[in-house]
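A.B. asks: One structure coming up, written as structure tokens, with questions to follow.
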Amino acid sequence: MRPSGPFAATWWFVLRPDSPQMLIVRSVYRAFMERRSAVDTVTISLNGKEVAGPSGTTILEVASQVGVHIPTLCHHPLLKSVGACRICLVEESRSGRLLASCVTPIAEGMEILTHSKKAIDARRGVLELILSDHPSACVICSKGNECVLRALAKDHGICDPDLEPIRRWRSMEEVNPFIVRDLTKCVMCGRCIRVCKDYEATGAIEYTDRGYATHPGTAHGTPLEGSECNFCGSCVTICPTDALAERNRIFHGSGKDFAPGICSFCGTGCRLEYAVRDGALVGARGTDDSPMNGISLCVRGHYGQDALSNGRLTEPLIRREDGELHPASWGEALDLAAARLKHTIELHGPETVGIITGTNCSNEELYLAVRFARAVARTPHVDSIARLSSATVMEGLTASYQGPRRPSVGDIEDAETIVLVAARPDYTHPVVARNVRRAVRNRGADLIQLDSLTTSLSRFARLHVKNGVEQLPPFLKALMKELVARNLHDEKFLRAGIKNADEFINRLKPPPGEKSSSEEVKQAARLMGRGRKIFILIGPMLARVTQGYILARLAADLAFLCGQPERVLFLGEGTNEKGVWDLGCAPDRLPGACRLGDSGMLEILKGLWGPDIVQRPGLDAMGMLRDAEKGRLKALVLMGADPLAVFPDTERTRKALARVDLIIRTGMFPATIYETAGIVFPSTAITEADGTYMNMEGRVQRMGKVANPPGDARPTARFLLDLAGLLGYPMGFVTARDIFDEIRRVCPTWEPLRWEDVGKSGGRKPLAPEGAGSSEERGEPRQRLVPYTPPDSFATPPAPPLERPFRVHPEERMLHPGDGVLSARSNRLTTAGQSSLIRIHPEDAALVGAKKGSLVMLRSDVGEATARADLDSNVPRSGVAVPSGGPDYILQRLLPWPEEYCPPCWDRVFVSLRTLEE
Amino acid sequence: MEEALDQNRLLEILKGFAPSRDSLIPVLQAVQEEFGYVPPESMEQVARHTGVFPSEVSGVITFYAQFYTTPRGRNVIRVCRGTACHVRGAKAALDTVRKFTGIEDGETSEDNRFTLETVACLGACALGPVMVVNKVYYGKLNPGRIEVVLKDLP
Ligand code: SF4
Ligand code: SF4
Ligand code: SF4
Ligand code: FES
Ligand code: FES
């Protein structure tokens, strides 16, 4: 019975998904479903042969299992069949009936003929009807040979159906740069609707209108760009005709060859196929061999890959006497770099040299960077830009877990409760957001969103706690206390699995008489209660806030309390953000995720790198900048890193870098804001060289060369090896694989990986073998979990100063992930616009005299930036949502450098707003 | 654009229905009952309440002839264009209605007095040409009779 009428509210109190009653119902139901899995076998005759399958199998499925091909159109193996097109008709010979094989389950004694005259004629008839109102313009169709309809027509020998067409001309209204919808070519198979609703759980399109006018349409019939659509492109991938197609494909032709690879736009590391034509990259498409993403890609992976070939550096550049950069040969540039580096080291000592890598370098390059620093240049100052984008969270998680973790993106889908701790996967890692939506919509999971801003996932949230990051530590602590107070935690796991369990639990027991928690805390605790499968996502923003370390540890504590330590995932932004930490590209770390003091690892490294490697801790990236500012840093090697795009206070950073005598940079593109380097080497893109990358789960995946590098761009690994050779330290590596094999010798967790294997399905980082390798990696992981145990009170965040009353809410933008350096090169991603808008509450806008589209100036205590304003009543009052990265780097201009030895401080920035023009 | 949607009235309606996708059609019917049509601005909230995507609400509304997304006139005139009525002069009847009301098929007059629709058959073929005004049937139409009927409508 459906509760409605006056008692609906009461009913709903009992029937709402998180009520205690419903939790019981759910668990009983689950147990029932598990029991029910034993099924009967059904035997049918297929073209005269006996075939069998479990009951519920469709005719199409048993046929394909025995190699009988039945044509299909609306059916897709990844989607629920609906039997819309009738192309798959087969004959049941006893009854003479025609059955749609994709939806008809086998029944005992059925006699199916797949290729009888009757079946073939019926299928031809259906096809002729479909073709009768389909435009016959195959020659200029961009789906070309991929079109299923054309293939069916060819297979059935149909050229021009002799039927009077009823044309359905539909105009093409979209202006977005990604997808063209030409519904005149639509055959109403509904694949796009199902993929969008069930597979992506986005639900942007639905059957609209009725009868002959039916078409896949958006809510209110708006163009895609005005709908919920996030341009994942899955509907384009799955549309059998050219009704949905990639825009602007004609500009560069369609792919001739398809090569497997991984996407480099974020840390998910989605597997895809790169489309290549004559050695040039022309596109990308999803495949179905990936544990992370299936056939899904996000808008960046699908439509942003033009970035990899746009505006690239093609030859080395040297800053000559005139102060300008001039082209040079690799030989000349390398000689100069080596000579000047040598000179600097001899004159000022090796400790005046620093190395900063990007988070897009391959594992091999990162390993070489560490070796180059500690063994060749003999400086301890080696770090990466992950210092700003993940260090605090990584340190926190390392401290809590004391060893490797293996969270999996796939595990999100079977979670019953998902917690977003300032995580906005819908903007940073859209494919992960897909899993979140699928869990919520298709499997009834509950979503708890802890975020001051409202995002596209908010509509899926059962509970949205609009806390800013500064209020998160007390909230998480209150939540843990509530779990303990209501006995909803997993005491057994804690006792068996973590250190100091007693102290941990006791600290969380509320003292008698303490006032009870807020409604939000209670509801969250109920949703996470004992036995429920959880998944906690930590957003990249947490790594950029003062309390990032504490928050990461509290998130881990929460997972410990629920007895599910592996179900915590940090959403790393860089392609190889995790690899940076695993390979020890940090001034206090060594390869193998080891601390610098790990004597076992030092011994291994001395054996390979030479006895007198530098063992001191060095400066981190911010420390190097401080040294640069003081004139103490004399040379800086930037590997794929562009400090001006990532470091706070762009102006101060630029001035500091200007004081460094020698800056050597490798990179794919000209500098983002301003070129600081004196010698620039053009590097290859991820698609142009061999290398492995570790995604945010810890999965090592190999990328092979699929496209030709532009001009004389070379891998950064090659650059480092050549430079080391010129400095008198030949390393003897020839291929990326040689370096990979050395990493395997060094890092115990890498040892079981094989170069061949990590190319195919994506190698999984296995557990360390017992007793092997570094001290951190040894032993039973569960015994070593270390809870943080929150303090009695947390630092109270500062109040905004009078003259700068607006709090900055950094906001990631889907089209410009991470530092935004790569996406800025994509024509499609940049023309989609909107990325540099700041958002403010309409009432705040009225206060400062701004309207929608006004140009406003934001001024912090260190800098100022201008941007267009958008009004949004979901932005908290006295707050302004500012894009966190490129292409305009508004936030970077406003952020101060952190205090020495302090984490970044994106949560402590206040600005004034002034309207410049309406 | 119409005047802004009265959120309180909408919330009041939603309260009466369980937040489940089964409620979708009853909710839409109730919304239409209250506002006289389904205001497009209400769709987002209806979707949230029933746990479906806004596009699904849109799909349901455009599928069923009973739902309207624009305000309707006080008097809904439906003129038959079926075969039986056609041979008995439905076209002339429709022309008379169009002239009198000043609106075309599918439109609503500016003063909200009339909405004009045509249908394929009203199931009263023997009386053709036929029209239905606010659920009342009028058969054997001629221009004079039509004007008499329409003139008296509020
Ligand atoms: S691009 Fe993705 S979100 Fe947009 S309509 Fe297609 S499947 Fe749906
Ligand atoms: S647009 Fe393509 S996938 Fe969608 S219904 Fe039409 S033909 Fe099928
Ligand atoms: S989610 Fe990340 S890795 Fe996957 S396609 Fe999008 S940008 Fe690429
Ligand atoms: S493939 Fe079976 S009905 Fe379309
Ligand atoms: S044709 Fe007009 S009522 Fe049937």
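The values are calculated or read from the model by the stated rules, or taken from the named source; none is laboratory data. None of the values given here were measured: they were computed from a predicted structure. Glycine gets a Cβ as well: all are built from the backbone with ideal geometry, and neighbour counts include every protein chain shown. Just so you know, the surface numbers come from the protein's heavy atoms only, side chains and all, with ligands and any DNA or RNA stripped out. Shrake-Rupley method; radii C 1.70, N 1.55, O 1.52, S 1.80 Å.
A.B. asks: Report the FRET efficiency, 1/(1 + (r/R0)^6), for A:ARG632 and A:ARG443, where r is their Cβ-Cβ distance and R0 is 56 Å, rounded to 0.05.
C.D. replies: Using R0 = 56 Å, I get an efficiency of 0.50.
A.B. asks: Then there is this: Of the heavy-atom accessible surface of the protein assembly as shown (probe 1.4 angstrom), what whole percent is carbon and sulfur?
C.D. replies: About 52 percent, which is the carbon plus sulfur part of the accessible surface.
A.B. asks: Continuing with the same structure: With the cut-off at 54 Å, report for the protein assembly as shown the share of all Cα pairs above it, as a whole percent.
C.D. replies: Everything past 54 Å amounts to 25 percent.
A.B. asks: Please name which of A:PRO216, A:THR202, A:LEU244 has its Cα lying farthest along the dipole of the range A:182-337 towards the positive end, using unit charges on Cβ (Lys, Arg +1; Asp, Glu -1) and the Cα centre as origin.
C.D. replies: Projecting each Cα onto the dipole axis, the largest value belongs to A:PRO216.
A.B. asks: Per-residue counts of other Cβ atoms within 10 Å, averaged by peptide: what ranking do you get for A:217-227, A:410-420, highest first?
C.D. replies: So the order, starting with the most tightly packed, is A:410-420, A:217-227.
A.B. asks: Using mean Cβ contacts within 10 Å as the protection proxy, how do A:61-71, A:358-368, A:344-354 order, highest first?
C.D. replies: Ranking the peptides A:61-71, A:358-368, A:344-354 by packing returns A:358-368, A:344-354, A:61-71.
A.B. asks: Need one number: % antiparallel among DSSP beta bridges in chain A, to the nearest 5.
C.D. replies: Roughly 55 percent of the beta bridges in chain A run antiparallel, per DSSP.
A.B. asks: Provide the gained length on full extension for the span A:VAL82 to A:LYS851, in nm with one decimal, where the gain is 0.36 nm per separating residue minus the Cα-Cα distance.
C.D. replies: Between A:VAL82 and A:LYS851, full extension yields 272.0 nm more.
A.B. asks: Same structure again: Calculated FRET efficiency, A:SER599 and A:SER793, Cβ-Cβ r, R0 41 Å, to nearest 0.05?
C.D. replies: Working from the Cβ atoms, E equals 0.60.
A.B. asks: Where nothing but the Cβ of Lys and Arg (+1) and of Asp and Glu (-1) is charged, how large is the charge dipole of the protein assembly as shown around its Cα centre, in debye to the nearest 20?
C.D. replies: Computed charge dipole of the protein assembly as shown: roughly 1880 debye.
A.B. asks: Quick one: which residues, 5 or more positions from A:THR104 or on another chain, have an amide H under 5 Å from its amide H? H modelled 1.01 Å from N in the peptide plane, none for Pro or chain starts.
C.D. replies: Hits under the 5 Å cutoff: A:ILE59, A:LEU60.
A.B. asks: Where does the range A:806-917 land on Rg(C-alpha)/(2.2 N^0.38 Å)?
C.D. replies: Its radius of gyration relative to the 2.2 N^0.38 Å reference: 1.05.
A.B. asks: Give the calculated FRET efficiency between A:SER64 and A:ASP414 to the nearest 0.05, with a Förster radius of 22 Å applied to their Cβ-Cβ distance.
C.D. replies: Efficiency computed from Cβ-Cβ geometry: 0.20.
A.B. asks: Counting partner chain Cβ atoms within 10 Å of every residue's Cβ in B:44-54, what's the average?
C.D. replies: Taking the mean over all residues of the peptide, I get 4.
A.B. asks: In the structure displayed, which of B:LYS15/B:LYS135; B:LYS99/B:LYS151; A:LYS342/A:LYS606; A:LYS80/A:LYS197; A:LYS342/A:LYS655; A:LYS80/A:LYS143 lie more than 19 Å apart, Cα to Cα?
C.D. replies: Listed pairs above 19 Å: B:LYS15/B:LYS135; A:LYS342/A:LYS606; A:LYS342/A:LYS655; A:LYS80/A:LYS143.
A.B. asks: Please give the charge dipole size of the range A:336-375, origin at the Cα centre, charges +1 on K and R Cβ atoms and -1 on D and E Cβ atoms. Round to the nearest 20 debye.
C.D. replies: It works out to roughly 80 debye.
A.B. asks: Measure out, as a whole number of angstrom, how far apart the alpha-carbon centroids of the range A:253-301 and the range A:889-918 sit.
C.D. replies: Comparing the Cα centres of the range A:253-301 and the range A:889-918, I get a distance of 36 Å.
A.B. asks: Put a dot 7 Å past each Cα toward the Cβ at A:ASP40 and A:ARG277; how far apart are the dots in nm?
C.D. replies: In this crude label model, A:ARG277 to A:ASP40 measures out at 5.5 nm.
A.B. asks: Within 10 Å of each Cβ of B:58-67, how many other protein chain Cβ atoms are there on average?
C.D. replies: 5
A.B. asks: Just to be sure I understand the model, the point goes 7 Å from the Cα along the line to the Cβ. What's the resulting A:LEU608 to A:GLU843 distance in nm?
C.D. replies: With each label point 7 Å from Cα toward Cβ, the separation is 6.0 nm.
A.B. asks: With every protein chain kept in place and ligands, DNA and RNA left out, what is the accessible area per residue of the range A:79-236? Probe 1.4 Å, answer in Å².
C.D. replies: For the range A:79-236, the per-residue accessible area is 45 Å².
A.B. asks: Taking each pair of different alpha-carbon atoms in the range A:40-132 once, compute 1/r for the pair, average those values, and report the inverse of that mean as the Kirkwood hydrodynamic radius in Å to one decimal.
C.D. replies: One over the average 1/r among Cα pairs gives 13.2 Å for the range A:40-132.
A.B. asks: Suppose every K and R has +1 on its Cβ and every D and E has -1 on its Cβ; what is the size of the dipole of chain B about the Cα centre, in Debye to the nearest 20?
C.D. replies: Once rounded to the nearest 20, the dipole reads 840 debye.
A.B. asks: Taking amide hydrogens as modeled 1.01 Å from N in the peptide plane, which residues meet the under 5 Å criterion relative to A:GLY691, leaving out close sequence neighbours?
C.D. replies: Residues meeting the criterion, in which the H sits 1.01 Å from N, are A:MET703.
A.B. asks: Under the rule of -39500 (n - 2.57) per DSSP H run of 4 or more residues, summed and divided by the residues of the protein assembly as shown, what mean residue ellipticity at 222 nm is obtained, to the nearest 500 deg cm²/dmol?
C.D. replies: Roughly -8500 deg cm²/dmol at 222 nm, from the helical runs in the protein assembly as shown.
A.B. asks: Output the relative contact order of chain B, whole-number percent, from Cα pairs under 8 angstrom with separation of 6+ residues.
C.D. replies: The normalised contact order for chain B reaches 19 percent.
A.B. asks: So in the range A:798-918, what percent of DSSP beta bridges are antiparallel if you round to the nearest 5?
C.D. replies: Looking only at bridges with both residues in the range A:798-918, the antiparallel portion is about 65 percent.
A.B. asks: Putting +1 on Lys and Arg Cβ atoms and -1 on Asp and Glu Cβ atoms, find which of B:PHE17, B:ILE61, B:LEU5 reaches farthest to the positive end of the dipole of chain B.
C.D. replies: B:ILE61
A.B. asks: Run the numbers for A:SER116 and A:LYS533: contour at 0.36 nm per residue of separation, minus the present Cα-Cα distance, in nm.
C.D. replies: 145.0 nm is the gain from fully extending A:SER116 to A:LYS533.
A.B. asks: Taking amide H positions as placed in the peptide plane 1.01 Å from N, state which residues far from B:ASN75 in sequence (5 or more) or on other chains have amide H under 5 Å from it.
C.D. replies: Amide H neighbours of B:ASN75: B:PHE114, B:THR115.
A.B. asks: Spelling out what I want: for every residue of the range A:82-96, take phi, set θ = phi - 60°, compute 6.51 cos²θ - 1.76 cosθ + 1.60 (Karplus), and round to whole Hz; glycine and proline get x.
C.D. replies: Each residue's phi maps through the Karplus curve to give 10, x, 8, 9, 6, 6, 9, 4, 10, 9, 9, 6, 5, 8, x Hz.
A.B. asks: Count the net charge of all other residues whose Cβ sits under 12 Å from the Cβ of A:ALA685, scoring Lys and Arg as +1 and Asp and Glu as -1.
C.D. replies: Once positives and negatives cancel, what remains is +2.
A.B. asks: Accessible area per residue for the range B:14-111 in Å², computed with a 1.4 Å probe and the full protein assembly in place, what is it?
C.D. replies: In whole numbers, the range B:14-111 has 47 Å² accessible per residue.
A.B. asks: Further question: Quote the total accessible area buried by chains A and B together, excluding ligands, DNA and RNA, probe 1.4 Å, nearest 100 Å².
C.D. replies: Adding both sides of the contact gives about 1900 Å².
A.B. asks: What percent does the relative contact order of chain A come to when contacts are Cα pairs within less than 8 Å and at least six residues apart?
C.D. replies: Normalised by residue count, the contact order of chain A is 12 percent.
A.B. asks: Can you list the HN-Hα couplings for the range A:425-430, worked out from phi with the Karplus curve (6.51, -1.76, 1.60; θ = phi - 60°), rounded to whole Hz and with x for Gly and Pro?
C.D. replies: Residue by residue, the range A:425-430 yields x, 4, 9, 8, 9, x Hz.
A.B. asks: In peptide B:22-31, how many Cβ atoms from other protein chains are near each Cβ within 10 Å, on average?
C.D. replies: The shielding value for this peptide is 1.
A.B. asks: Ignoring ligands, DNA and RNA, how do A:LYS118, A:LYS634 rank by accessible area with a 1.4 Å probe, largest first?
C.D. replies: Final ranking, largest accessible area leading: A:LYS118, A:LYS634.
A.B. asks: Just going by the charge dipole of chain A, with Lys and Arg at +1 and Asp and Glu at -1 on Cβ, which of A:PHE733, A:PRO260, A:LEU554 is farthest out on the positive end?
C.D. replies: Result: A:LEU554.
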